[in-house]
Amino acid sequence: MLKIRAQQIESLQGGVNRDFARRISPGIRDGFPDETSEFGDQELLEYIEGTIARAQGYGLATDNELVTFVQLTLTVAEDFDTKGVFKKTFTDESIDNDRRLDEMFRRTTDDDWLEASGYTDDSGE
């Protein structure tokens, strides 16, 4: 019987993530030129790969979910998923993985998005 060790699975997943990052990188660069302007090509690939792995840690799996997560890290904040309702939603085990992203959008308010982005009004609040 063939046994695949956890290290082998991680290695295979890393290769899949690398290939996916290479495929979506041009679209990410074209769609978000300001947000990606400081990344060299290799840096952008590494950023996307790391972000994909983080999204997968939350159970996100489809191409659309992974691309959306990458886009949110570029447009809201790189660590938006570690804040408030975003963190609660992504780590809530009662939410099925295939509903997690939809649930995040359902639960969040405009104020949640502003808070995650680090935006403050003119008063500094």
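General remarks:
- Of the residues in region 95-108, none is hydroxyl-bearing (Ser, Thr, Tyr) and either part of a helix (DSSP H, G or I) or surrounded by fewer than 15 Cβ atoms within 10 Å (Cβ to Cβ) (or both).
- Top-ranked residue in region 15-73 [being under 12 Å from the mean Cα position of the chain (by Cα) and of a type in the set (D, E, K, R); ranked as farthest from residue 117 (Cα to Cα)]: 63
- Filter result for residue 68 (surrounded by 18 or more Cβ atoms within 10 Å (Cβ to Cβ), touching a residue at least 12 places away in the same chain (Cβ under 8 Å) and of a type outside the set (A, V, I, L, M, F, W, C)): no
- Looking only at region 27-38, residues that are closer than 23 Å to residue 86 by Cβ, surrounded by 12 or more Cβ atoms within 10 Å (Cβ to Cβ) and either free of Cβ contacts under 8 Å to residues at least 24 places away in the same chain or touching a Lys or Arg at 6+ places or on another chain (Cβ under 7 Å) (or both) come to 1 in all.
Every read-out reported here was derived from the displayed coordinates using simple, explicitly stated rules and does not represent laboratory data. Bear in mind that the values here come from a model prediction, so they are computed numbers and not experimental data. Cβ: placed from backbone, ideal geometry, glycine included. Neighbour counts: every protein chain shown.
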